[in-house]
Each structure stands twice: as structure tokens, then as C-alpha cells.
1. Would you point out the residue of the stretch B:127-153, among those that are hydrophobic (A, V, I, L, M, F, W, C) and away from every other protein chain (no Cβ under 14 Å), that is surrounded by the fewest Cβ atoms within 10 Å (Cβ to Cβ)?
2. Where residues in the stretch A:218-227 are touching a strand residue (DSSP E or B) at 6+ places or on another chain (Cβ under 9 Å) and open to solvent by 10 Å² or more (accessible area, probe 1.4 Å), which of them is modelled with the highest pLDDT?
3. Given the options B:Val35, B:Val8, name the one that is more than 19 Å from B:Gln121 (Cα to Cα), among the hydrophobic types (A, V, I, L, M, F, W, C) and modelled with pLDDT under 90.
4. Which of the strands (runs of 3 or more DSSP E) found entirely inside the stretch B:249-348 contain at least 3 residues meeting this: open to solvent by 60 Å² or more (accessible area, probe 1.4 Å)?
5. For the stretch A:25-106, please list each of the strands (runs of 3 or more DSSP E) lying entirely inside it that holds at least 1 residues being touching a residue at least 60 places away in the same chain (Cβ under 8 Å) and on the phi > 0 side of the Ramachandran plot.
6. I'd like to verify a number: residues in the stretch B:179-213 that are within 22 Å of B:Trp153 (Cβ to Cβ) and either open to solvent by less than 30 Å² (accessible area, probe 1.4 Å) or away from chain A (no Cβ under 14 Å) (or both), how many?
7. So A:Arg147 ticks every box in (1) more than 8 Å from chain B (Cβ to nearest Cβ); (2) closer than 30 Å to B:Val149 by Cβ; (3) part of a strand (DSSP E or B) but one. Which box is left unticked?
8. Among the residues of the stretch B:58-78, write down those that are under 27 Å from B:Ser23 (Cβ atoms) and surrounded by fewer than 16 Cβ atoms within 10 Å (Cβ to Cβ).
Amino acid sequence: MKKILFILLTLGCFFKTFSQDQKFNFYPNIAVDLGGAIPFPLSDIPEGAGGTPKPYPSIGIGSEYDLNEKWQLGFEINYHLIAFSSNADVVSQPFYFDDGSAQYFTGKTEADVELRMVEFPLIAFYKLKEGRRILFGAYYSRILEGRFNTKGINGIYSPDKDITDNATLPGPEYTIEYNFNEFIDKYDIGLMIGYRYSINHRFYLWGRLNVGFKSIFGKDFNNIDYEMYQVRLNLGVSYLLFD
Amino acid sequence: MKKLFISVFAVIIIFSCSKDESSEAEVLDFSVTSVSNNELVVESIQIDSEFNRIYVLFDQDLSEFSSFSLTIDIKLSQDAKTSSLNNGMLSFTHPDEVKTIEVEAEDGFKVNWYVYLIHHQLQNSGFENWFDNLGMNGRYYKEIGISEVTSIWATANMGTSIYAVYGTQPLDDGSNTLAEITTGKTSHVPVTAGTLFVGTFNLSGAISHPTDPKQATDFGLPYAFRPSEMNVKFKYQAGETYVQATLNETNNIFGGFTVNEIEGEDMCSIYAILEVRNGDQITEIGRAELYSETTDDVLTEITIPFEYALAEAPTHISVVFSSSKDGDLWKGAVGSTLVVDDLELIFE
């Protein structure tokens, strides 16, 4: 307990010292994430596919630095949980083996994706007019835990693509489940754009669109023929700690 | 304004008082109050709510009995009903017959429950009955039993049906049907041992854990008796090349296998295990087992004694035939073939 108090006091002194020059300020964030991972290229999304993002709160802390009248620079540390489920009717969706051979699935599929991560964004804010700024930046995320579960329902499964191309559905009544959890990479990098509105001199309201620039799977994972990229909308508020 | 307020209030009250209809169609209790044939005595009843199965156990051999009926007292979920009982009776024409009870929940949702007769001999132990089953590749193949839901026997055929490979098939010998169990391979798995066992093939386990074949088999059937021996007719021919396949990446089937030829000869396994199961706690009380290399090409009847470690009555029995005894470790010889017929449990 003493240690925690000491750390809080130290941080408080640190924040206060930096903020005294009126250029630095610090804020906690609370937000809601909507999004998940989408296949890329987008043409790999089957016709009629549907997805449901599951909203989860995110929290974090950040600091901003006034470069000049127009520009601010921000750095944050945020914790996110993003979750998304999707379903699609697929025809001959391949699963590749390392030797180059494949199995194909035709039928109903469902996928559940969940990623827990700590995100470190570096953000530039540009003032449009008083109280309104656009923002853009880049982020690095450390993935703490990832889940990617898939289901194939009442479908046809074969290494012979002719069979799955010409499958008569429904197939036998079964649900096959397979998870790709262990293939999820440990990090993500990407870009963000957004808009920030100052409710008053301490409260910010903002929205950001974050787009991952790498697949959520590790580079050695080549068992499905598309990549999955993080895409999420982050809506939140920040409260400046110092005037 | 006052009228509008009262109307809205009334609607809220009506909706808040309405009750969702239940979709539960469980069998909560099941008992046999009488049997049409006085020689038949019910030993006990087990209800398996996971697979909707009801087992009626008789401590005798029912093989010679036919056309008898059980008077049933059944307790269902609240407001659920069934019309499958004729004056409260279930009539059987053969002890291997499995009866279906359709239970309709209050909201109309229907669930089938299956009533099995368990006695000294196991259903379809002559391996005469096979049915056409739709495989994962959309093609039909032969599976053991009368139907998927009523058979107490299972094979791994469904798992390998992806590749149109079927390790366990009926073998017609004139008027008799035997079970032929063969070790094969697929384009992705170099050794797939054929198997025939009492229990259910867990397709979900097979697909979700493709690197652990044991996850594909749920062995066992309720059984409360202590046989002294097991008789079965069999012959076995080991395949030519005995190999050990090893996953290139542990827990990753996509990474493929390395196959090494090994010394020795493949062996078949034939065994039965009696267990007491109490929740997750499983205690083996006895077993009969035989592991054999190549035999003469003649069906031979063998007697395998049960060795008991405990004096208790079992709650479950597992019987397993495999064409490669270490097939679950990816070890065997493609082409190893075990033929079995006429399993009989002997009571002294």
C-alpha cells in the first residue's frame, strides 16, 4: 500500500511538474470499442456474410504537448478488449497444409474473434477551429490474449475441391469447431484518424477509426488464403487533469 | 391524457404479468412399474441427460426374449408432454430395439429421448446391422448399427469420411456379416487405425483436436454386470510396413508428419474394460484383453478371461477393437486388417 501511494505521489508530482509549463497536460481516457478483424482482400468476404461487433469499454491514460497554436502531439497507453462475431455461407473455403495441399469446406461458418491488448498510440492533433481538432496517428499494440474460434455447420468437407464445389447442402448434421488461437501474433501496428471536440476546457469527446496494417496472425500462418486485419471504431471521452 | 396514461399503464401491467413459455423437454425421472413377461426383472435405470438416453438395465440375458412391453412412469419438465407411450407402455419386439420418446415442451419445442435395453449381451454384438450414413464429404458410407442415434457401437469412419477412407466396414460372408477393421492412411495423416468400439465417435473432438486421436472417442456404455469371460471370433493380418508417424509441429496438424519405418510387426487390440464412473472419477475394476500379431487366415473363436482388481459391480463397459493397437500414437502398418464376429460376454 505504501508503495502504491509512493508511486501515485511520484506520478502526481511528475505530471504537475510537466504541466506547469502550460505545454504539457495529462488525461485519463474512457471509451467504447466497436470492431474486430476483417478479411483482406475484401473480395474474400463471401456474399451475404454478416458480422456483429461486440462493444466493450476501454480505458487508458494519455499526455498531450502543445507544439504551437495549431498542433498538438499526444501519447497514450490504452487497454482494449475488442470482440467480433461473423457468419457466412462459404463455398470451397480452403484450409492449407504446410505441404501445399488443402481441405475445402462448403457450408455455414461462424467465427468468434476476441483480442485483449495494450495499445501505445502516438497522435497528432490539428486545430480546425476553437474546440475542434482532427487527429491522426500510428499505434503499436501488444496483444495480451487472442481468441479466434471458427465453426463449420452442416457442411461438406473434403480435400477434393470438385466435391465441395458441387456439394449439396445441408451436409450431415454436425458442427466442427477449430480454433486458431495459437496462430495469433503478439503485436499489431496501424494507423488511426479521428476527430476531437472540446466540451469545455477540460473535457474532450472524440471518435477514432483504427486500422491495423498487419494481419492479426503471425507471418508463418499460411493455412487460410486471406489475411485478417484489425478495424475498429473507438468512441470516448478524456478529462484533462490540469488547467 | 388521463385515458392514454391508463391505457399505457394497463399495457405495461399486462406485459409484465405475461410469462415466457418453457422450452424444457427433459426427462426428469423414469421408472418401470411392470414388465409384461414376469421372467424379466429390471435391475436399475440410468438417465443420460447429455445425449437424451435412458438405459433400462436387466441382470440377465434378454437375447432369447421377444415381444415384451414395459409399463412406464415418466416425469417430464413442467408442462412438457409426450404422446409416444401407448397407455403408458413401451413395446419391444427385440432386446436390441431402441424406442424413441418424443417430449414436447410447453412452447412446442420437441426433443427425442431414446430408451435402450441393457442386459448381459451387447446390442448388435454379432455385427449384423449396418446403415448408410452421410459422411463429411457428402457421400454415403456404411456405419455400424440400425441408425446413428440408436447404435451403441461407433467407428472413426465419420472422421476419415473427409477423405473417403472408411476403416471399419461390414464384410459379407454369405448369410453372415462380420466387421472388417483396417488401418489406412489419408492424404494428410499417414496412419489411421481402424477401430470399432462401444461408445460414441466425438467428431467435434476429432476436428478440434486433430493431433490427439483419443479426443475423438467417447468410450463406454452403462453396464452393471460382471462377466467372467469374453468370447469373440477373429483373424488378423498385419500390414507390411510398420511405421511411426510423428507430428512435425506439436499440436499443429497443418504442419504434417515425418514417417519412420520401425522394427517389428503391427498388432491388433481386442479388449473390454469394466469401470465404476462417479462424475469425473473413473475406477477400473476389471478388464479382458488380447493383443495379437498375424494369425492364420481362418476365423478363430477365442476366450479372453476378465481379470478383476475390485469386487464392485461396474457402472460402465467399454469394448474396443483396433487394427493397430498403438494407432492413437500414429503407430501402425497401413493394410493391417482385423476381422471380428460374434462377441459374447460369458457369465459363470
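The values are calculated or read from the model by the stated rules, or taken from the named source; none is laboratory data. Because the structure is predicted, anything quoted here is derived from the model rather than measured. Here Cβ is always computed from backbone atoms with ideal geometry, including for glycine, and neighbour counts include all displayed protein chains. Just so you know, the surface numbers come from the protein's heavy atoms only, side chains and all, with ligands and any DNA or RNA stripped out. Shrake-Rupley method; radii C 1.70, N 1.55, O 1.52, S 1.80 Å.
1. Applying the filter and picking the extreme gives B:Ile146.
2. Here the residue is A:Gly218.
3. B:Val8
4. The qualifying strands (runs of 3 or more DSSP E) are B:257-261, B:281-292, B:300-305.
5. Working: elements: A:50-54, A:56-66, A:71-96.
Here the list reads A:71-96.
6. Matching residues across the stretch B:179-213 total 19.
7. Just one mismatch for A:Arg147, condition (2).
8. Our first condition is that a residue be under 27 Å from B:Ser23 (Cβ atoms); within the stretch B:58-78, this holds for B:72-78.
Hits for the stretch B:58-78 are B:Asp73, B:Lys75, B:Gln78.
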